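The values are calculated or read from the model by the stated rules, or taken from the named source; none is laboratory data. What you are looking at is a predicted structure, and each value in this text was computed from that prediction instead of being measured. Glycine gets a Cβ as well: all are built from the backbone with ideal geometry, and neighbour counts include every protein chain shown.
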Amino acid sequence: MALPAHLNKRHFPTLPHESVIIDASYSRLCYAARQCLVCHSNKSIAGYVSTLQHLWTSNTSNSNHVLPCLCVRTALDLFLQVKGYPAGSEVIMSAVNIQDMATIIQHHGLKVVPVDISIDTLEPKLMLLDSLITKRTVAILIAHLYGRIINMDPFISLARKYNLAVIEDCAECFCGFTITGHPDSDISIFSFGL
C-alpha cells in the first residue's frame, strides 16, 4: 500500500517502509494458523523447543539460554514473576510501546515510568534516563521500534551503574538470527507475529 499522494517519504523520514509485506505463501499462512489450533504431545513440543533453541544459538554469538514463550507479553510476565520485585518498584520504559506491556508491569504492582524517545532515532533519550532513576527503580525496558535497532551499550552501561535489570524488547526488530539481542541484557524478548 503506497502513501497517499499528499504525503511522501519526506513527511515520514524515520519510517523505513511504505508498506508491510508478508513474505509467505497463502498455504504457509494457512499451515501456521492450523498449527496454532492443533494440540501437540509433550514429545512434539519438546522437539519444537529443541529446534528453536538450536536455530537461536547455532551460527550466532548467542550463548544465552533460550526459552520459547507464547509471546513477548508472556515472556515479560514470566520475567517479572521470577524477579519478584517489591510492590511500588519502578520500571522505566520507552514512552512508545503497546499498552499491554505497561499493563503487565502494573499487574505486578510496579510503577511504569515513561521515558521520551528521540523522533530522529526512535531511541529513548539517554540524557533523560539518569534523571528518572530513583532508589525505587529496578529495571529499564528498551524497545527497538519499527525495525530500528538501537545501540544498547550506553543503556546497559547506565543500568549497570545503578544495578538495574535491562529488558530488551525486540518484538519489532527481528531480522533473522544475526541479531539476537545484546549479550549483556538481562532478557531479550522477541516476537514473530503469529
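Can you tell me which residue in the stretch 80-94 is farthest from the chain's Cα centre (by Cα), limited to those that are assigned to a strand (DSSP E or B) and not aliphatic (A, V, I, L, M)?
E90
What is the one condition in (1) among the hydroxyl-bearing types (S, T, Y); (2) farther than 15 Å from V166 by Cβ; (3) outside any helix (DSSP H, G or I) that T74 does not satisfy?
(3)
Out of the residues in the stretch 77-133 that are acidic (D, E) and closer than 16 Å to D169 by Cβ, state the one that is surrounded by the fewest Cβ atoms within 10 Å (Cβ to Cβ).
D100
I'd like the full set of residues that are in a loop (DSSP other than H, G, I, E, B) and without any contact (Cβ under 8 Å) to a residue 24 or more places away in the chain, limited to the stretch 110-122.
D116, S118
Could you list all residues from the stretch 95-112 that are at pLDDT 90 or above and either small (G, A, S) or under 17 Å from the mean Cα position of the chain (by Cα) (or both)?
A102, T103, I104, I105, G109, V112, listed by residue number.
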